[in-house]
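The values are calculated or read from the model by the stated rules, or taken from the named source; none is laboratory data. Computed from a predicted structure; not experimentally measured. Here the Cβ positions follow ideal geometry from the backbone for every residue, glycine too, while neighbour counts run over all protein chains shown.
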Amino acid sequence: SSTTVDWAVRETVRARLRLMVKRILRKYKYPPDKAEEAIELVLQQAEVLSESWVG
């Protein structure tokens, strides 16, 4: 059951991060056609960083 909770929390965090990154990209007039790729890159980097913090 803890795995389910972890995944639910993780998905919520990913959704929140995705929204934050999207807003920042829009604010700084990042090209919309490249935004999705940039968002994915930022999320991947965040995951790698979070793994190093955890263990």
Notebook entry, point to check: Between a first residue in region 2-17 that is closer than 19 Å to Glu36 by Cβ and a second residue that is surrounded by 10 or more Cβ atoms within 10 Å (Cβ to Cβ) and at pLDDT 70 or above, which pairs have beta carbons less than 7 Å apart while being 6 or more apart in sequence or on different chains?
Noted result: Arg14/Leu43; Leu17/Leu43; Leu17/Ala46
Next item on the list: Working only within region 16-55, note down all residues that are loosely packed, with under 12 Cβ neighbours inside 10 Å, modelled with pLDDT under 95 and hydrophobic (A, V, I, L, M, F, W, C).
Entry: Val48, Leu49, Trp53, Val54
